[in-house]
Amino acid sequence: MAEPIRVARGVLVPGGAIEWRAARSSGPGGQNVNKVASKVELRVDLGQVSGLSAPARARLAAVAASRLDAFGRLLVTSQRTRDQIRNLDDAREKVKRLVERALRAPRPRRSTRPSPAAVERRLRRKRERAATKRGRRLGPDDE
């Protein structure tokens, strides 16, 4: 069983939700990549992540949607280094950052209105541009 990932106070990815395997990497390593399985594929069952509120769980599902495998598990890979253990740590860090990102609620958008001066500038530019284009038109006696 894998070691759990502690994301924040009260938020934990249990070891039972994590499954990993090694594969041959296409990354750095020269001839070594043909012999050593240093790439790490980490799969996480997001349903088992504990300590998430319902909105955070929904955000996590949205953030991880493009990385889900056929069984609905999050798939994270790492082949950054030539060392399997460092790649495993990197993949675990990626999962941690993904869950942390889901914990932060987005700032609500406040609708704004352009100032009267900005509206006037925009309309003045439109009038100037229209006049420029009107000046380019061929008149009935300009053929």
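Every number here is computed from the coordinates shown, using simple stated rules; none is lab data. Just so we're clear, the structure is a prediction, and the values are computed from it rather than from any experiment. Positions of Cβ are backbone-derived with ideal geometry, glycine not excepted, and every protein chain shown enters the neighbour counts.
Can you tell me which of 132-139, 62-69 comes out highest on packing, and rank the rest after it, using the mean Cβ neighbours within 10 Å? If you can, show how the numbers build up before the last one.
Working: 132-139: 7.4, 62-69: 12.4.
Peptide ranking by packing, descending: 62-69, 132-139.
State to the nearest 20 debye the size of the charge dipole of region 5-103 about its Cα centre, where the only charges are +1 on K and R beta carbons and -1 on D and E beta carbons. Please report the intermediate quantities before stating the final value.
Details: 19 positive and 9 negative charges, 33 e Å.
Using Cβ point charges on Lys, Arg, Asp and Glu, region 5-103 gives about 160 debye.
Using just the helices of the chain, give the 222 nm mean residue ellipticity in deg cm²/dmol: DSSP H runs with n ≥ 4 each add -39,500 (n - 2.57), and the total is spread over all residues, rounded to 500.
Values: 3 runs with 51 residues, N = 143.
Counting only the DSSP helices, I get -12000 deg cm²/dmol.
Mind checking which aspartates and glutamates have their Cα closer than 16 Å to the Cα of LYS133? Skip sequence neighbours fewer than 8 apart in that chain.
Qualifying aspartates and glutamates at Cα under 16 Å: ASP142.
What is the distance, in nm, between label points placed 7 Å from the Cα along the Cα-to-Cβ direction at ARG9 and at LEU68?
It works out to 3.2 nm between the two label points.
Name the residue, out of ARG59, ARG129, ARG107, whose mean-square fluctuation peaks in a Gaussian network model built on the chain with Cα pairs under 10 Å.
Between ARG59, ARG129, ARG107, it is ARG129 that shows the largest mean-square fluctuation.
Of LEU68, ASN32, PRO140, which is farthest on the positive side of the dipole of the chain, counting Cα position, with +1 on Lys and Arg Cβ, -1 on Asp and Glu Cβ, and the Cα centre as origin?
Of the listed residues, the answer is PRO140.
Please list the non-local residues whose amide H lies under 5 Å from the amide H of LYS39, H modeled 1.01 Å from N, same-chain partners needing a gap of 5 or more.
Distant-sequence amide H within range of LYS39: ALA23, SER25.
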